1. Counting only residues that are modelled with pLDDT under 95 and either more than 12 Å from S65 (Cβ to Cβ) or outside any helix (DSSP H, G or I) (or both), how many does the stretch 10-42 have?
2. Can you tell me which residue among K48, K22, K85 is of a type in the set (K, R) and in contact with a helix residue (DSSP H, G or I) (Cβ under 8 Å, 6 or more places away or on another chain)?
3. Within the bounds of the stretch 51-73, is there any residue that is within 18 Å of L4 (Cβ to Cβ) and among the aliphatic types (A, V, I, L, M)?
4. Would you say G36 is surrounded by 14 or more Cβ atoms within 10 Å (Cβ to Cβ), touching a Pro at 6+ places or on another chain (Cβ under 9 Å) and touching a residue at least 40 places away in the same chain (Cβ under 8 Å)?
5. What is the number of the single condition among (1) free of Cβ contacts under 8 Å to residues at least 12 places away in the same chain; (2) more than 17 Å from I71 (Cα to Cα); (3) part of a helix (DSSP H, G or I) that L7 does not meet?
Amino acid sequence: FSVLGLLTLAIVVPILFGLYWKKANRQGALWSMVSGYVTALLFGAYAKFVAPLPFHFSFYAFLISIAAILIGSLVTRPPSEELLKESGTGLFIRR
């Protein structure tokens, strides 16, 4: 396991969704980081000690991380419009 790789995996999805998706929020980002990191540890250990996986273990963690930020952000309160304007979230998506 690469600690830097696991940490990168855990924060890539929240950063990208935080920049480009207006509904992404703190709770969704936290769910995404924790679930991505835990999934990477579990699948990485499985691939190393039990049986090889069809894809690299980080692929599964990446998918779980995306699902977690989507679900976590949609079931909790979205960020305020004022915060979105101040941060420029979704800058390339807006017209």
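1. 11
2. Values: K48 fails: in contact with a helix residue (DSSP H, G or I) (Cβ under 8 Å, 6 or more places away or on another chain); K85 fails: in contact with a helix residue (DSSP H, G or I) (Cβ under 8 Å, 6 or more places away or on another chain).
K22 is the lone residue from the list that is of a type in the set (K, R) and in contact with a helix residue (DSSP H, G or I) (Cβ under 8 Å, 6 or more places away or on another chain).
3. Initially, the stretch 51-73 is screened for residues within 18 Å of L4 (Cβ to Cβ), giving 56-59, 61-62, 65.
Checking the rest, the ones that are also among the aliphatic types (A, V, I, L, M) come to 61.
Yes.
4. Working: surrounded by 14 or more Cβ atoms within 10 Å (Cβ to Cβ): yes; touching a Pro at 6+ places or on another chain (Cβ under 9 Å): yes; touching a residue at least 40 places away in the same chain (Cβ under 8 Å): no.
No.
5. For L7, the exception is condition (1).
Rundown of residues vs (1) part of a loop (DSSP other than H, G, I, E, B); (2) aromatic (F, W, Y); (3) open to solvent by 80 Å² or more (accessible area, probe 1.4 Å), yes/no style:
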{"site": "Y46", "(1), (2), (3)": "no, yes, yes"}
{"site": "A51", "(1), (2), (3)": "yes, no, no"}
{"site": "P54", "(1), (2), (3)": "yes, no, yes"}
{"site": "Y60", "(1), (2), (3)": "no, yes, no"}
{"site": "S73", "(1), (2), (3)": "no, no, no"}
{"site": "E82", "(1), (2), (3)": "no, no, yes"}
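The values are calculated or read from the model by the stated rules, or taken from the named source; none is laboratory data. The model shown is predicted, which means the values in this text are computed figures rather than measured ones. When we count neighbours, we look across all protein chains shown, and the Cβ atoms used for this are built from the backbone with ideal geometry, even at glycine. For the accessible areas, the whole protein counts, side chains as well, though only heavy atoms, and no ligand, DNA or RNA atoms are used. Shrake-Rupley method; radii C 1.70, N 1.55, O 1.52, S 1.80 Å.
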